[in-house]
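Report on the following structure.
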Amino acid sequence: MKNIAVAVDGPAGSGKSTVAKLIAKNMNIVYIDTGAMYRTVGLYCIENGIDTKNEKAVCSVLDDIKMDIKAQMGGQTIFLNGVDVTSKVRTQEAGRAASDVAVILAVREKLVQIQRNMAKGTSVIMDGRDIGTNVLPKAEVKIFLNASVEERAKRRVGELLALGENPDFDEVKEQIRKRDENDTNRKHNPLRKAEDAVEIDTTGMTIDEVIDKISDIIREKIS
Ligand code: CDP
């Protein structure tokens, strides 16, 4: 079978990573979580007292950030300067920092290069905000996942509870709304549905239903 690329984009909490991970497992292809890379840059800034809204300050430490990503069956492990930060980058704080540093062009260029290299010579499913529009514009399959803000906030609260955090629903909802605004309105590679992407509104759908729908689209495109 020839290598294929599946691009999955969408706003925070639309279910991208959950479904992309499971589809990767079912199809035996590599899963690449690009959000975790922006989160890792955000985490480095938090840990080193760098203001994530200060472009100059963030750019001045970019060369100090060495990121290694090991794509494995069922997920990916991410190392920041040799330390496994896979779980550490999942916090709300790292998510906010990620959204801040993601507006900076130099950050995006560094990470997009890593992402394109990882997709070379293998079949991948990659999730993020700009995969179908910018990172892999020639991807054979492009999916844009969406869901209402309420539903996405509910899902995010569940995730945070599982991580041992104590989230407040209204606060989480407001943060999701702000993150949508930030991601949609930024200058470089904003969150946008690619013209040739299939949009799926996952509000009220189960994970299995979303996976079935995407798997059908993939089968149809590659047959
Ligand atoms: O999991 P969640 O949807 O909350 O976020 P994520 O996918 O881990 O991404 C965190 C942040 O990184 C997003 O809010 C975006 O600002 C940024 N990001 C991006 O700009 N481009 C990507 N390809 C992936 C993430």
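The values are calculated or read from the model by the stated rules, or taken from the named source; none is laboratory data. Values in this document were obtained by computation on a predicted structure and should not be read as measured data. Counting neighbours? That spans all protein chains shown, and the Cβs are built from the backbone with ideal geometry, glycine included. These accessible areas exclude ligands, DNA and RNA; they are computed on the full protein's heavy atoms, side chains included. Shrake-Rupley method; radii C 1.70, N 1.55, O 1.52, S 1.80 Å.
Structure above, values below:
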{"read-out": "Any hit, the stretch 98-106, residues being more than 9 Å from the ligand (Cβ to nearest atom) and either open to solvent by 70 Å² or more (accessible area, probe 1.4 Å) or at pLDDT below 95 (or both)", "value": "no"}
{"read-out": "Residue match in the stretch 168-191 (condition: away from the ligand (no atom under 16 Å from the Cβ), within 27 Å of Ile69 (Cβ to Cβ) and not aromatic (Phe, Trp, Tyr))", "value": "no"}
